[in-house]
Amino acid sequence: MHESTTRREFLSTAAGAALAAAAAGCRPGKPTPARPNIVFIFSDDQGYGDLGCYGATDLKSPNIDKLAAQGVRFTQYYAAAPECTPTRTAFMTGRYLQRVGGLECAIGTTNVGRYDDAIRLAESHDLGLPVTDDSLARKLEALGYASAVYGKWHLGYERKFLPLRHGFDHFRGIVGGHCDYFHYCEITGVKTLYENDEPTTDDRYMTDLITEETVKCIQRQDAAKPFFLYVCYTAPHSPYQGPGDRKPDRVSKEEWNKGTRQQYVELVEHMDEGVGRILDALDAKGFSGNTLVFFVSDNGGAKQASNGPLAGHKSTLYEGGIRVPAIVRWPGVIPKGVVSHQPCITMDLTASIAEAAGVPAAKYLRLDGMDILRHVANGHPDFRRTLFWRARRADRTWRAVRDGNLKYLSRQDGEKLAEWLFDLEADLGEKTDLLAQRPDDARRLKKLLADWEQEVRHKR
């Protein structure tokens with residue numbers, strides 16, 4: 001394919017290849033295995049440069065680095081949003097999160113809406129991911145997958161939004177966006193650790209709880225039934241507490257977001273140990289050969305993180321807020337040690353899972369993403385993508401569109417508007433604003449963005 005190949009042309013080609021492979025009973029060069037198991041691991045607020053395989057020199061991540069060496073590492077993977085709730089919404093639906101309504105910002109602690117639409121929904125007890133048959137978990141449930149969520153949910157506090165309502169079989173974790181790693185309470189002091197639909201208690205360090213519950217679930221699985229494990233670490237999100245930092249009382253509000261780089265590194269390194277234990281559990285059960293393993297950050301890092309060469313941080317639409325680590329291992333399908341520079345986004349992973357699991361085409365075609373794993377497995381050349389973002393909080397709205405190597409970015413605070421145009425190939429750090437020099441490109445990208453906003457507008 002040429003650089004100018006359109007998404008529609010690619011999907012047509014990929015869909016035809018996938019259908020042909022299915023009809024022939026094979027993936028390229030391989031007999032068709034049973035439906036793959038899926039282990040999807042989210043880290044929380046992890047910066048682009050916070051793994052050894054992404055250039056980190058002050059932390060060690062041997063298990064995640066090994067995972068990258070066994071599969072594909074993406075250099076231009078984007079979170080669908082610069083915060084957690086919206087990105088997780090995009091993953092679960094496989095669609096731009098704006099189509100849902102009210103979830104363009106992280107749900108506030110104790111179920112608070114943070115902009116007009118979210119505030120309205122919170123007041124009517126409707127702030128969360130609506131339950132539909134089109135969610136990823138429901139699609140996999142219909143195909144016979146066993147499933148579980150361990151760790152952070154953050155897609156609604158109300159019982160009607162909890163994981164079991166979305167098709168998962170088991171949930172143990174927090175319903176909100178963060179917690180004290182030892183006391184399971186939010187910054188307000190409210191405890192949010194749940195098992196299925198009910199509050200529960202525990203005395204384990206949060207990262208260890210997530211790892212150990214995932215390992216136990218793997219050990220319970222039967223090889224005859226595929227499984228989908230949604231593993232959502234709270235690390236390395238604040239508060240910055242390592243496994244040896246237990247205190248009798250919870251972290252105070254004043255200390256919640258304070259922390260050193262070294263404390264952050266400790267969170268990442270302990271999470272890496274957990275990932276290693278999960279991979280070992282797959283090996284011990286003989287599942288590794290037919291298990292798709294993902295490791296992805298939900299958005300860019302905060303100030304303690306390293307976003308490598310990227311500008312900005314979490315909650316912004318600079319590259320540092322949305323370009324994040326993404327690694328996938330699929331033995332026998334994705335070659336070892338691939339580094340992909342193809343621009344891609346959260347919903348592409350959903351589309352890839354749907355295709356790998358054999359979700360019927362009628363539902364697959366509802367997704368906004370493309371099968372990025374098929375692109376990698378088949379060795380297709382990288383091609384031009386057009387990707388969009390919008391993030392809201394209070395009266396602030398960030399907007400961005402990337403088309404090829406050009407990126408238009410704006411931030412509106414009430415009546416005040418700031419705009420930029422960047423060439424990401426020449427200026428990855430977004431230091432040189434080209435808005436004045438290239439007005440025609442700016443107008444074209446703004447038109448693309450305006451048309452997209454109309455197309456994904458939530459219809460109440």
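The values are calculated or read from the model by the stated rules, or taken from the named source; none is laboratory data. Given the structure is predicted, the values throughout are model-derived calculations rather than measurements. Using ideal geometry, Cβ is built from the backbone for each residue, glycine included, and neighbour counts are taken over all protein chains shown.
Structure data summary
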| item | result |
| --- | --- |
| Residues being more than 12 Å from the chain's Cα centre (by Cα) and either surrounded by fewer than 24 Cβ atoms within 10 Å (Cβ to Cβ) or assigned to a loop (DSSP other than H, G, I, E, B) (or both) - total across the range 73-85 | 3 |
| Test: D298 is in the same structural domain as G156 (by TED's automatic domain parsing) and either in contact with an Asp or Glu (Cβ under 6 Å, 6 or more places away or on another chain) or closer than 30 Å to P82 by Cα (or both) | yes |
| Residue within the range 344-354 that is hydrophobic (A, V, I, L, M, F, W, C) and either part of a loop (DSSP other than H, G, I, E, B) or closer than 19 Å to G55 by Cα (or both) present | no |
| Top-ranked residue in the range 165-195 [being part of a loop (DSSP other than H, G, I, E, B) and of a type in the set (S, T, Y); ranked as surrounded by the fewest Cβ atoms within 10 Å (Cβ to Cβ)] | T188 |
| Set L310, L267: member being in contact with a helix residue (DSSP H, G or I) (Cβ under 7 Å, 6 or more places away or on another chain), under 23 Å from D58 (Cβ atoms) and in the same structural domain as Y77 (by TED's automatic domain parsing) | L310 |
| Residues that are outside any strand (DSSP E or B), surrounded by fewer than 23 Cβ atoms within 10 Å (Cβ to Cβ) and either touching a strand residue (DSSP E or B) at 6+ places or on another chain (Cβ under 7 Å) or free of Cβ contacts under 8 Å to residues at least 12 places away in the same chain (or both), drawn from the range 285-307 | F287, N290, K303 |
| Matching residues, the range 423-460, being surrounded by fewer than 12 Cβ atoms within 10 Å (Cβ to Cβ) and part of a loop (DSSP other than H, G, I, E, B) | E425, A426, K431, A436, Q437, R457, K459, R460 |
| Within the range 182-223, tally of residues that are aromatic (F, W, Y) and closer than 22 Å to L164 by Cα | 2 |
| Residue that is outside the structural domain of T93 (by TED's automatic domain parsing) and within 21 Å of L97 (Cα to Cα), where the choices are A351, A400 | A400 |
| Residue in the range 208-226 that is touching a Gly at 6+ places or on another chain (Cβ under 7 Å) and among the β-branched types (V, I, T) present | yes |
| Among the candidates Y78, Y54, residue that is out of contact with any Gly (no Cβ under 8 Å at 6 or more places or on another chain), of a type in the set (F, W, Y) and assigned by TED's automatic domain parsing to the domain that holds I353 | Y78 |
| Any hit, the range 236-246, residues being closer than 20 Å to Y78 by Cα and buried (at least 20 other Cβ atoms within 10 Å of the Cβ) | yes |
| Extreme residue, surrounded by the most Cβ atoms within 10 Å (Cβ to Cβ), among residues of the range 148-164 that are among the hydrophobic types (A, V, I, L, M, F, W, C) and touching a residue at least 60 places away in the same chain (Cβ under 8 Å) | V149 |
| Lone qualifier among K60, K66 - being at pLDDT 95 or above, in a helix (DSSP H, G or I), under 28 Å from F287 (Cβ atoms) and of a type in the set (D, E, K, R) | K66 |
| Enumeration of residues in the range 196-225 that are within 21 Å of A284 (Cα to Cα) and in a loop (DSSP other than H, G, I, E, B) | Q221, D222, A223, A224, K225 |
| Sole residue being over 25 Å from Q262 (Cα atoms) and either basic (K, R) or in contact with a helix residue (DSSP H, G or I) (Cβ under 8 Å, 6 or more places away or on another chain) (or both), chosen from R246, R250, R204, R172 | R172 |
| Total residues in the range 377-397, condition assigned to a strand (DSSP E or B) and either farther than 20 Å from Q98 by Cβ or within 19 Å of the chain's Cα centre (by Cα) (or both) | 7 |
| Residue among T200, T234 that alone is within 22 Å of the chain's Cα centre (by Cα) and among the hydroxyl-bearing types (S, T, Y) | T234 |
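To keep it simple, each residue is scored yes or no on (1) surrounded by 24 or more Cβ atoms within 10 Å (Cβ to Cβ); (2) within 30 Å of A223 (Cβ to Cβ).
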| position | (1), (2) |
| --- | --- |
| T87 | yes, no |
| D117 | no, no |
| E123 | no, no |
| A146 | no, yes |
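Let's see how each residue does on (1) farther than 23 Å from S315 by Cβ; (2) of a type in the set (D, E):
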position: F388; (1), (2): no, no
position: V401; (1), (2): no, no
position: G404; (1), (2): yes, no
position: D413; (1), (2): no, yes
position: E425; (1), (2): yes, yes
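Every residue, every condition in (1) in contact with a strand residue (DSSP E or B) (Cβ under 8 Å, 6 or more places away or on another chain); (2) more than 30 Å from D280 (Cβ to Cβ); (3) without any contact (Cβ under 8 Å) to a residue 40 or more places away in the chain, yes or no:
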residue: C84; (1), (2), (3): yes, no, no
residue: Q98; (1), (2), (3): yes, yes, no
residue: R114; (1), (2), (3): yes, yes, no
residue: L129; (1), (2), (3): no, yes, no
